[in-house]
Structures are given as C-alpha cells and as structure tokens.
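Student: Let me give you the structure first, and then I'll get to my questions.
The values are calculated or read from the model by the stated rules, or taken from the named source; none is laboratory data. Here the structure is a predicted model, which means the values were calculated and not measured. Here the Cβ positions follow ideal geometry from the backbone for every residue, glycine too, while neighbour counts run over all protein chains shown. The protein model used for the area step is the full one, side chains on, heavy atoms only, and it has no ligands, DNA or RNA in it. Shrake-Rupley method; radii C 1.70, N 1.55, O 1.52, S 1.80 Å.
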Amino acid sequence: MLGLMFWAMVAHETDNGVTLAREEVDFDFLGAGTVTIKVHFSSANFKDGLAITRGGGVVRQYPIIPGIDIVGEVSESSDPRFAPGDQVIAHGYDIGVAHNGGFAEYARVPAEWVVPLDGLTMREAAALGTAGYTAAMSVQALLDHGVTPDSGPVLVTGATGGVGSVAVDILAGLGFEVVASTGKTDAGELLSALGAKSVIGRLPEDPDAKPRALGKAQWAGVVDSVGGKSLAHILSTIKYGGAAAISGLTGGAELPTTVMPFILRGVALLGIDSAQFPIDRRRDLWARLGKDLKPQHLSTLENYAPITRVEEVLHAIRDGRHSGRTVLGVAGEF
C-alpha cells in the first residue's frame, strides 16, 4: 500500500496549542505493525480529549493520529492469526498516544495488540471501547474478590460517564442492586433504563466536609472512576470485606483517607489499568463481553457521530457535558 493515500484526523502541536485537522496522508505515516486494519469505527474517550489538549500529558510526540480505540476489518496481515476480512478491535498499549490510532481510514498495529471479535458487532465493540472494557475489568475484579449480588448494594460513581454507564449496565445484568452516583441532575431516567436500582448525587453530599476515618457501612463493592475526596469518603462506607475497583481521577489524584477502612474492615482497593493489560487476558475478557458480560442496553447508552465531528464530542467529554458512549463512524464519513 506504499504510496497510496487515505484520510485521517491528525493532531499537531503548535505555539498556540494542539490542532486537529482532516488531512490526506500516506500509508508510510502509519508506522510499524504486522496487521493493517480498515477502520469502521472508533469511539470518544476522555484520554482522546487529553490527546488534543495542550499539556494533556498523554501524547509523547506530535503529529499523531489520535483515537485509542480501533474497530474494523483486517486489510493486510503478515501474522497467520489474522486474515483479511477478520473483524477486530485494538486498544490500549501505545495506540493513540505514541502510535497512530483509530481516527483514520486505516490503522496499523502489532498483532500482539489485536483482539478478534466474538459475539459482538463492530459497532457494539466500538460502543464499549476502552471505557466499556475498563468497566468490565472493574466488574470482574469485584467478582474475583468475592462480591456477589447477595453481598449487598454496589455503588457506581461517575455513573453517566463511559466507564460508569457500562458498569451500571453490566452489574444490573448480573443481578446486582446498583446505586448510581452522578452530578447530572437530569440523568435519572437514563441510569434507571440501564438498570440502576436508585440514583443519588455526588458523594460526599458536602464536598467541603473532612473525610471521616469510618462512616456507616453501606456498599458491598464500588466501581469508581472519580477518585479524590469522593473516593476517600466512599472507602469509609464500604462494608466489611468489600472492595473498590478504581480507574479514574476526574475528582483529583490525591486520596485524603486513612488506613482505617483497610485494617478495621478489610476493605480492598483494586487498581484497574486497561492500557497494559496482557493480551491473552484481554482477549479472554473481550470474549466474555460478547457472552455473559455483554451489556443489555448498549443502544440506550450509545450516541453516534461522524469522525469529522470528533473534536466537538471530545470537548463535551472534557468539559463534563457528555453522557454514555459515543461511537465515531469512520468508514464513509471522511
């Protein structure tokens, strides 16, 4: 394909910030990889928003094609595990931050980053994407810890976000009593449709209150994408032997808590990172997302936008004006 051209959204760093523009580029621009993918869909993630933000701290070198999610069909492969026409997803590792990503008609990545789709359409896989996969990792971490529907209610923070909304859907489908926490006062209908038993505001109710060492025990488990003071408060209210699976820091990176929940209630703090998750385990969990962990309401939480509107969508995510998951249509949209 050398010498051939295709369309991509390319981010450049300038003296005035980071620009994102539709450009025609050569296949040489894609860089190294053993599997070339004709991209059908990508998706919009908070990390993608940081990639087009000056000082975002995720991109190692510009110019780059952002898009940490790549969903499409194999176009060429020098690896026998993948053949032209195979439907696949690739995400994590260096994609969209140090290796060109999914905001383009084509992408090229190492075979060791590629996951075959099983039980999911390409659009469903894009609706899940990195955020949905992180949600599935969080739910599985709670299950592995021994949290069951009989253990009591499970709290999901940042419940209208990508991780939170998918987590609500998966947990409800598994029979958990899900309590969804959000700062969006108009989100009750959406979260109830996803399966939340009840919807509450942000925690703690008084954001200026000093976190208590221990509060009233309420939650058997927590899926948290907020962090900061909110997580500190929540840790103090987890039941004996419960756990919090944490994956975000929209509420801040600091955790002003004490050791009390851990040494007096045996609470576990389970860190979730999808970027470097080993490929064999990544593929196994994606297979389960097409089966027993498949969310039942993807069409409810999914929005759609053509790739040419990606900057608008990412600004909405970065500014906290976005709910659910936005699938970015790539094929035929340039």
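Student: When the Karplus curve 6.51 cos²θ - 1.76 cosθ + 1.60 is applied with θ = phi - 60°, which whole-Hz ³J(HN,Hα) does each residue of region 270-283 get, with x for Gly and Pro?
Tutor: For region 270-283, the Karplus curve yields 10, x, 10, 10, 8, 5, 10, 4, x, 5, 4, 5, 4, 5 Hz.
Student: Only Lys, Arg, Asp and Glu count, each charged at its Cβ (+1, +1, -1, -1), so figure out the dipole size of region 130-271 about its Cα centre, rounded to 20 debye.
Tutor: Numbers: 9 positive and 11 negative charges, 71 e Å.
Using only the charged Cβ atoms, the result is roughly 340 debye.
Student: Please grab the % of Cα pairs in region 130-271 that end up more than 22 Å from each other. Kindly include the intermediate steps, with their values, before the conclusion.
Tutor: On the way: 2856 of 10011 pairs.
That fraction is 29 percent.
Student: For region 145-207, build the convex hull from the C-alpha positions and give me its volume per residue in Å³. Please report the intermediate quantities before stating the final value.
Tutor: On the way: hull volume 5.5 nm³, N = 63.
Expressed per residue, the convex hull around the Cα atoms of region 145-207 is 88 Å³.
Student: Also, quick follow-up: In terms of the ratio Rg/(2.2 N^0.38 Å) built on C-alpha atoms, what value belongs to the chain?
Tutor: 1.00
Student: So which of K38/K229; K216/K291; K197/K229; K210/K291 end up more than 32 Å apart by C-alpha?
Tutor: Working: K38/K229 43 Å; K216/K291 36 Å; K197/K229 24 Å; K210/K291 43 Å.
Correct reply: K38/K229; K216/K291; K210/K291.
Student: Still on this structure, please answer the following. Taking only the alpha carbons of region 29-170, what extent do you get along each of the three principal axes, in Å, biggest first?
Tutor: 51, 38, 23
Student: Further, regarding this structure: Choose one of A135, A90, V115: the residue whose Cα lies farthest towards the positive end of the charge dipole of region 61-144 (beta-carbon charges +1 Lys, Arg; -1 Asp, Glu; about the Cα centre).
Tutor: Checked the options; the winner is A135.
Student: For region 34-47, what does the Karplus curve 6.51 cos²θ - 1.76 cosθ + 1.60, with θ = phi - 60°, yield as ³J(HN,Hα) per residue in whole Hz, taken in order and with x for Gly and Pro?
Tutor: Ordered by residue, 3J(HN,Hα) equals 9, 10, 9, 10, 7, 7, 9, 9, 10, 8, 9, 10, 4, 4 Hz.
Student: Additional query: Considering Cα pairs under 8 angstrom that are at least six residues apart, work out the relative contact order of region 233-334 and quote it in whole percent.
Tutor: Numbers: 78 pairs, mean separation 22.5, N = 102.
Computed over region 233-334, the figure is 22 percent.
Student: Moving on. Would you list which aspartates and glutamates come within 15 Å of K184, measuring only between C-alpha atoms, while excluding same-chain residues fewer than 8 positions from it?
Tutor: The qualifying aspartates and glutamates are E205, D319.
Student: Give me the distance in nm between label points sitting 7 Å out from Cα along the Cα-to-Cβ direction at R60 and D273, one decimal.
Tutor: Reported label-point gap for R60 and D273 is 1.4 nm.
Student: Peptides 188-195, 267-274: what's the order by average Cβ count within 10 Å, highest mean first?
Tutor: Values: 188-195: 19.4, 267-274: 17.9.
Order by mean packing, descending: 188-195, 267-274.
Student: Counting DSSP beta bridges in the chain, what percent are antiparallel, to the nearest 5?
Tutor: 60 percent
Student: I want to verify a result. In a Gaussian network model of the chain, Cα cutoff 10 Å, which of these has the top mean-square fluctuation: I246, I89, I200?
Tutor: I200
Student: Near the amide H of Y304, under 5 Å away, which other amide H atoms are found, from residues 5 or more places off or on another chain, if H is placed in the peptide plane?
Tutor: Long-range HN contacts for Y304: V327.
Student: Mind checking the per residue accessible area of the chain for me, 1.4 Å probe, whole number of Å²? Walk me through the numbers on the way to the answer.
Tutor: Numbers: 13950 Å² over 334 residues.
Heavy-atom SASA per residue in the chain reads 42 Å².
Student: Can you list residues from other chains, or at least 5 along the same chain, whose modelled amide H is less than 5 Å from the amide H of E177?
Tutor: V154
Student: For region 89-183, count the residues as N, evaluate 2.2 N^0.38 Å, and divide the Cα radius of gyration by that value, please.
Tutor: Working it through for region 89-183, the quotient is 1.25.
Student: Now, a different point. Roughly how compact is region 181-334, stated as its Cα Rg over 2.2 N^0.38 Å to two decimals?
Tutor: Working: Rg = 18.0 Å, N = 154, 2.2 N^0.38 = 14.9 Å.
Ratio of Cα Rg to 2.2 N^0.38 Å: 1.21.
Student: Per residue of region 212-229, in order, report the coupling 6.51 cos²θ - 1.76 cosθ + 1.60 (Karplus, θ = phi - 60°) as ³J(HN,Hα) in whole Hz, putting x for Gly and Pro.
Tutor: Coupling constants for region 212-229: 7, 5, 9, x, 5, 6, 10, 10, 6, x, 9, 10, 10, 10, 9, x, x, 4 Hz.
Student: Continuing with this model, one more query. Return the long-range amide H neighbours of K239 (sequence gap of 5 or more, or a different chain), with a cut-off of under 5 Å between placed amide H atoms.
Tutor: Q218, W219, A220
Student: Heavy atoms only, probe 1.4 Å: what % of the accessible area of the chain goes to carbon and sulfur, would you let me know? Please report the intermediate quantities before stating the final value.
Tutor: On the way: 6960 of 13950 Å².
With neighbouring chains kept in place, the figure for the chain is 50 percent.
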